[in-house]
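The values are calculated or read from the model by the stated rules, or taken from the named source; none is laboratory data. Just so you know, these numbers come straight off a predicted model, no measurement behind them. Positions of Cβ are generated from backbone atoms using ideal geometry, with glycine treated the same way; all protein chains shown enter the neighbour counts. When the accessible area is computed, the model is the full protein with side chains, heavy atoms only, and any ligands, DNA or RNA have been set aside. Shrake-Rupley method; radii C 1.70, N 1.55, O 1.52, S 1.80 Å.
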Amino acid sequence: MNERVLVADDDSNITDVCRRYLEREGYLVTTAKDGLEALELWRSQTPNLIVLDLMMPHKNGWEVCSEIRQTEDTPIVMLTARGEEQDRLMGLTMGADDYLTKPFSPRELVLRVRAILRRMRYVQTKPATASEHIIKYEGLTIDVAKRIVEISGQIIDLTVTEFEMLYLLASHPDQVFSRNQILSKVWDFSYEGDTTTVTVHIRRLREKIEPTPSHPKFIKTVWGIGYKFAGDGNS
């Protein structure tokens, strides 16, 4: 496997437990005790995934996530305090792929990490068929093989999760997907999580690809059910 995971948390008990469980699964684990160290290790070691606590000294998790997202789409699992819904929403809004609420089960962390990295491997090795190589809708172009999204010729930076969500919807125009279906197909087939994750990612995606995010042209809400990609970009 040889995939590298960076665990950043100022609580040494948490980093030690996470290390033991992740190394048992075959991952190469590095730990950081604060935000500055996390950024240094991210730059020097280029981990495949980061487990990132929100409340850390020197630089908090939001700042670390924001800096990483300026240049890279490295998957990030946020660790948040129980009951702090606003923290979870902010973490997702800033580009985290998933989150866990403390106290959490180390086995649950391993499952989340495994699911995200399995999806990453699938994304990187899945060949695009001729029919899905290029998807175009009224100024929106999705190059599946190169994983490039353009709006009116301008390249849009998407995270791996955002790209997979857009591809899922755009490759099935006018088909309605519930939030649970999107969780299952984009995150993992066996994933069980809060559908707020989907809602926030849809919001981020709209902000990047929609001319007017508050009145979306492409990704439409089907009230009480979920979302669909408008096949003609209008309906």
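Quick notes on this structure:
- Gain upon complete extension [Arg43, Glu23; 0.36 nm per residue less C-alpha separation]: 5.1 nm
- Estimated inter-spin distance, Thr195 and Asn60, nm [label 7 Å along Cα→Cβ]: 3.0
- Contact order, relative form, for the stretch 32-105: 29 percent (alpha carbon pairs under 8 Å, 6 or more residues apart, mean separation divided by residue count).
- The Cα atoms of the chain define a convex hull whose projected area, averaged across directions, is 12.7 nm².
- Normalised by the number of residues in the chain, the average gap of Cα pairs under 8 Å and 6 or more apart makes the relative contact order 13 percent.
- Around Phe177: net Lys/Arg minus Asp/Glu count, Cβ-Cβ under 13 Å: +2
- The chain: angle of helix 160-170 to the longest principal axis, Cα-based, in degrees nearest 10: 20
- Rounded to the nearest 500, the helix-only mean residue ellipticity at 222 nm of the chain stands at -12000 deg cm²/dmol, with each DSSP H run of n ≥ 4 adding -39,500 (n - 2.57).
- Gyration tensor verdict on the stretch 1-80 (Cα atoms; rounded if a/c is under 1.5, prolate if a/b is larger than b/c, oblate otherwise): oblate
- Protein heavy-atom surface of the chain, 1.4 angstrom probe: 49% of the accessible area is carbon and sulfur, with nucleic acids and ligands not counted.
- Along principal axes, Cα extents of the stretch 133-235, largest first, whole Å: 37, 28, 20
- Entries in Lys146/Lys208; Lys33/Lys185; Lys102/Lys146; Lys136/Lys208 that, when Cα-Cα distance is taken, lie over 27 Å: Lys33/Lys185; Lys102/Lys146
- Our estimate of slack between Glu207 and Val222, defined as 0.36 nm per intervening residue step minus the Cα-Cα distance, is 3.6 nm.
- Fraction of beta bridges assigned by DSSP in the chain that are antiparallel (%, nearest 5): 50
- Share of alpha-carbon pairs per 5 Å distance bin for the stretch 80-122, given as whole %: 5, 21, 24, 24, 18, 6, 1
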